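Notes to accompany the following structure.
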Amino acid sequence: MSSLAVGNADTAADAAPGTDRSRPPLRRRIALIPTVTLLLGALYCLLPVAWVVIAATKSGSELFSTFTFLPGTGFADNFADLSAYRDGVYWQWMGNSALYAGLGALLSTVVSAFSGYALAIYRFRGREAMFNVLLAGVLMPPVILAIPQYLLLAKADLTDSYLSVLLPQILSPYGVYLSRIYAAAAVPADVVEAGRMDGASEWRIFTRVALPMMVPGMVTVFLFQFVAIWNNFLLPYIMLSDDERFPITLGLYTLLEQGANTPALYTLVITGAFLAVLPLVALFLVIQRFWSLDLLSGAVKS
């Protein structure tokens, strides 16, 4: 009995508050820092999204008179007013953005796939110098290139047209860089040599052998380019003057400027911003499912 009492006393003393064993280890505390940092970053990114989602449900009177994160009852009216504004010009802006982002991202992905594969597989003079120039293009802010691009397209009389927004987006230094890195890792040189020994042409090797191996990387390039073009504001702002060719970003900007004199348009801007996010969310969910299927198929093949 005495030994049992002593053991219980020792256990209680070890677990008593203020003792070293009751405190979390220093390593565990340090391990929590990345988690807390990520949670704060997620909160910082998601709070504006939550505000837009909730504010889109409020009417004009509720927007400035109710609690910030209290849902309203005016989403249906806001949607109807937005669709009726200037005979549905909002949906024309949305269609323009879909055209710019969809076609631009597709063409950019094709160019990136060709360029990245060539830089990764073929050995030729000046390859590394060309790749270094490409890296310099990745580091260069797009705002620096906007004015030269405008001057070049003005010389060709292509400003204020769909091509003035599409053409500068086709060549993406970052997309070529990602394609080159992915092709070097995903396409074994032995597979390419085996195709050549079997008599296949370089085009056939690329389209039938290398390209299927590069598909996951090309999907990533497509997603990055689609999001970048969809959110692009500066280039259309410089290139376009006809509001019927505006993308959604520039259209909402003009609507917000008009809202300075007409506060009733604020609800339309917020509702339009909320609807403009939905295609990006849908695209990400679809591509995320594709990534999961590709990883699963790769695991089965291995």
### Query
Which residue pairs have Cβ atoms closer than 8 Å, lie 6 or more positions apart in sequence or on different chains, and pair a first residue in the range 151-168 that is of a type in the set (Asp, Glu) with a second residue that is assigned to a helix (DSSP H, G or I)?
160/239; 160/245
### Message
Residues to consider are 32, 70, 43, 47; find the one that is modelled with pLDDT of 80 or more and within 30 Å of residue 246 (Cα to Cα).
### Response
47
### Message
I'm trying to understand the selection: among the residues of the range 193-208, which are assigned to a helix (DSSP H, G or I) and either among the charged types (D, E, K, R) or farther than 29 Å from residue 288 by Cα (or both)?
### Response
193, 194, 195, 196, 197, 202, 203, 204, 208
### Query
Failed condition for residue 282, given (1) touching a residue at least 40 places away in the same chain (Cβ under 8 Å); (2) open to solvent by 40 Å² or more (accessible area, probe 1.4 Å); (3) over 15 Å from residue 84 (Cα atoms); (4) small (Gly, Ala, Ser), with all others met?
(1)
### Summary
If you go through 199, 195, the only one that is at positive phi and either free of Cβ contacts under 8 Å to residues at least 60 places away in the same chain or among the small types (Gly, Ala, Ser) (or both) is 199
### Task
Kindly establish whether residue 152 is open to solvent by 70 Å² or more (accessible area, probe 1.4 Å) and either out of contact with any Cys (no Cβ under 9 Å at 6 or more places or on another chain) or not small (Gly, Ala, Ser) (or both).
yes
### Query
Looking only at residues in the range 57-93 that are touching a residue at least 40 places away in the same chain (Cβ under 8 Å) and farther than 10 Å from residue 268 by Cβ, which one is nearest to the chain's Cα centre (by Cα)?
93
### Query
Could we say that residue 142 is modelled with pLDDT under 90 and under 26 Å from residue 252 (Cβ atoms) here?
yes
### Query
Tally time: how many residues in the range 160-181 are open to solvent by 50 Å² or more (accessible area, probe 1.4 Å) and not in a loop (DSSP other than H, G, I, E, B)?
6
#### Entry: Cβ pairs under 9 Å, 6+ apart, first in the range 30-51 and on the phi < 0 side of the Ramachandran plot, second modelled with pLDDT under 90 and of a type in the set (Gly, Ala, Ser)
none
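The values are calculated or read from the model by the stated rules, or taken from the named source; none is laboratory data. Source: prediction; values computed, not measured. Ideal geometry is used to build each Cβ from the backbone, glycine not excepted, and the neighbour counts take in all protein chains shown. Just so you know, the surface numbers come from the protein's heavy atoms only, side chains and all, with ligands and any DNA or RNA stripped out. Shrake-Rupley method; radii C 1.70, N 1.55, O 1.52, S 1.80 Å.
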